[in-house]
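Participant: The structure under discussion is supplied below as structure tokens; questions concerning it will follow.
The values are calculated or read from the model by the stated rules, or taken from the named source; none is laboratory data. What you see is a predicted model; the values in this text were computed from it and never measured. Note that each Cβ is placed from the backbone with ideal geometry, even for glycine, and that neighbours are counted across all protein chains shown.
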Amino acid sequence: MATSLDLGDEEHVRLLYSYPNNFNEVGFLKQTLEETIEIWVGWTLKRDGFTGAATVAILGGRVMLTLSGDGEGAYGQLLPDYLAAGALALQGSIALNGASKWRYNWRFLLPHGLAMVRHRSIQLLHFPPDYVLEKDQDYLNAHTTTRWASLLVENGAVEADTMQYQTIIDIAPIAAPSDAGRDLQGIYDSYTGYITDLMKLWLPRTDGSVRPMVAFGAPVKQWLKSVYGIDLAVLTTKPLQVNGGPLVQVLGSNHPSFIYNAAKQQPDEPPQTPEALLQRSMRIMQQDLIAAGWQVAMAASPNADPNQVLAAATARWSDPAQQGHICELTYVQAFNKTPADAKQLCALLPTPHPTLFSAPAGLTQLAALDQEIDRLRESLGALDGREPDQISDA
């Protein structure tokens, strides 16, 4: 059995799927519109755990999608509703361009190719890096998402299932270089309706419960404060009543790429020793592991007490027995060391670490470290999502 969907007028669908995904003079990706849509929808089927296939044809100027195989019936209303939300984002982008606020190196990009039926949680992020569209055609093949997937695994998620935790809503559906965060400030109001519609579509589960949501990075938390009036610090959880939608439990988290920035001397901060850079990076790694632990646990039990879940994740990753592992993860991910080198370097640290793992004696030092990290977050602002190749040594 198969399900056929009319995705809309060909010219409109071209825009919704950012076709052609790469349109340089010498095309890196040589595809028809039909092939492009099949790739993106194919990713969704795979990430939802279905073995079905997507076939696209253009008939009389209409784009027709045929889904066959298991799971095909799940998308009959979902995909049209998703593209309807995307049309709101497209309208917002066109309006920005008309107001001369659209940059030459931006590409409109919806979160195609993500799990949309069997997903377990929602990730609210800033914007996708340009290469996921123009090079990889894979929304999850970014430093941000691959690093976060590894932390989900550290907290018990099955590696093959991490894609189902990472159904992403970006507050700016714009593919841009990862250091373009500040250029995007002031445009988010153009996408509020789109973001809200995706939340209403993707947060509810069929059993009546609501998937948890993690809010990553400074711009996202500022957007939540502006639109919903909630002040969400890192490692705090609060309920959010989506306009016209469900009540969702939200956790504030660092941007997954924040640690790359913290591992380097920043130009507008006092000189940092290698030891200081390691210490603050380990603390951020610890915070990120706690956030990922909350995400995995809440995805498994959406009706659990979010504060109790957060307390349990905090207790786990604050255990001095985790010091060596957190240190090794930090060296490998933030300082690009090999696992063998990381193990040797971490063996040199005092155990337990006097600031990170010596509670209650180290609480004052830990509070001071957290304040330093807060200042770094504030200084970076919308640049907290820069990826390693966009960060220069000061």
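Participant: What are the pairs, 6+ residues apart or on separate chains, where a residue within the range 7-22 that is closer than 13 Å to residue 110 by Cβ has its Cβ under 7 Å from a residue that is at pLDDT below 95 and outside any helix (DSSP H, G or I)?
Facilitator: Matching pairs, first to second residue: 21/29.
Participant: Something else now. For the range 75-84, does any single residue satisfy the condition of being in contact with a helix residue (DSSP H, G or I) (Cβ under 9 Å, 6 or more places away or on another chain), hydroxyl-bearing (Ser, Thr, Tyr) and under 16 Å from residue 173 (Cβ atoms)?
Facilitator: Looking for residues that are in contact with a helix residue (DSSP H, G or I) (Cβ under 9 Å, 6 or more places away or on another chain), hydroxyl-bearing (Ser, Thr, Tyr) and under 16 Å from residue 173 (Cβ atoms), one finds at least one in the range 75-84, hence yes.
Participant: List the pairs whose first member sits in the range 97-118 and is among the aliphatic types (A, V, I, L, M), whose second member is modelled with pLDDT under 95, and whose Cβ atoms are under 6 Å apart, counting only residues at least 6 apart or on separate chains?
Facilitator: Close Cβ pairs (under 6 Å, with a partner that is modelled with pLDDT under 95) amount to 117/74.
Participant: Here's another thing I want to ask about it. Of the residues 211, 205, 283, which single one is of a type in the set (D, E, K, R), touching a residue at least 60 places away in the same chain (Cβ under 8 Å) and surrounded by fewer than 18 Cβ atoms within 10 Å (Cβ to Cβ)?
Facilitator: 205 is the lone residue from the list that is of a type in the set (D, E, K, R), touching a residue at least 60 places away in the same chain (Cβ under 8 Å) and surrounded by fewer than 18 Cβ atoms within 10 Å (Cβ to Cβ).
Participant: Continuing with the same structure: Could you check, for the range 113-129, whether at least one of its residues is within 19 Å of residue 188 (Cα to Cα) and surrounded by fewer than 20 Cβ atoms within 10 Å (Cβ to Cβ)?
Facilitator: Looking through the range 113-129, none of the residues is within 19 Å of residue 188 (Cα to Cα) and surrounded by fewer than 20 Cβ atoms within 10 Å (Cβ to Cβ).
Participant: Go through the range 225-279 and count every residue that is among the small types (Gly, Ala, Ser), part of a helix (DSSP H, G or I) and touching a residue at least 60 places away in the same chain (Cβ under 8 Å).
Facilitator: Here the count works out to 1.
Participant: What is the number of the single condition among (1) at pLDDT below 95; (2) of a type in the set (Asp, Glu); (3) assigned to a helix (DSSP H, G or I) that residue 393 does not meet?
Facilitator: (3)
Residue-wise test of (1) of a type outside the set (S, T, N, Q); (2) assigned by TED's automatic domain parsing to the domain that holds residue 149; (3) surrounded by 20 or more Cβ atoms within 10 Å (Cβ to Cβ); (4) under 24 Å from the mean Cα position of the chain (by Cα).
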residue	(1), (2), (3), (4)
267	yes, yes, no, no
294	yes, yes, yes, yes
310	yes, yes, yes, yes
321	yes, yes, no, no
330	no, yes, yes, yes
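Participant: May I pose another question? Determine if the range 237-252 includes at least one residue that is crowded, with 19+ Cβ neighbours inside 10 Å, out of contact with any helix residue (DSSP H, G or I) (no Cβ under 7 Å at 6 or more places or on another chain) and modelled with pLDDT of 95 or more.
Facilitator: Yes: the range 237-252 contains one or more residues that are crowded, with 19+ Cβ neighbours inside 10 Å, out of contact with any helix residue (DSSP H, G or I) (no Cβ under 7 Å at 6 or more places or on another chain) and modelled with pLDDT of 95 or more.
Participant: Please find, among 182, 103, 147, 118, the residue that is under 30 Å from residue 322 (Cβ atoms) and not hydrophobic (A, V, I, L, M, F, W, C).
Facilitator: Among 182, 103, 147, 118, only 147 is under 30 Å from residue 322 (Cβ atoms) and not hydrophobic (A, V, I, L, M, F, W, C).
Participant: Residue 303 - would you say it is under 28 Å from residue 124 (Cα atoms), exposed (fewer than 13 other Cβ atoms within 10 Å of the Cβ) and not hydroxyl-bearing (Ser, Thr, Tyr)?
Facilitator: Yes, satisfied.
Participant: Shifting gears a bit: Among the residues of the range 343-366, are any basic (Lys, Arg) and more than 19 Å from residue 270 (Cα to Cα)?
Facilitator: Within the range 343-366 (the criterion being basic (Lys, Arg) and more than 19 Å from residue 270 (Cα to Cα)), the answer is yes, since at least one residue qualifies.
Participant: Hey, among the residues in the range 76-92 that are small (Gly, Ala, Ser) and under 21 Å from the mean Cα position of the chain (by Cα), which one's surrounded by the most Cβ atoms within 10 Å (Cβ to Cβ)?
Facilitator: Going through the qualifying residues, I end up with 89.
Participant: A further question follows. When the range 41-65 is examined, which residues are found to be of a type outside the set (Phe, Trp, Tyr) and buried (at least 19 other Cβ atoms within 10 Å of the Cβ)?
Facilitator: 41, 44, 45, 47, 48, 52, 54, 56, 63, 65
Participant: Still on this structure, please answer the following. Would you mind stating whether residue 293 is closer than 23 Å to residue 370 by Cβ and small (Gly, Ala, Ser)?
Facilitator: Answer is yes for this residue.
Participant: Then there's this: Provide a single number: the residues in the range 201-239 that are within 27 Å of residue 84 (Cα to Cα) and among the acidic types (Asp, Glu).
Facilitator: Residues that pass the stated criteria total 1.
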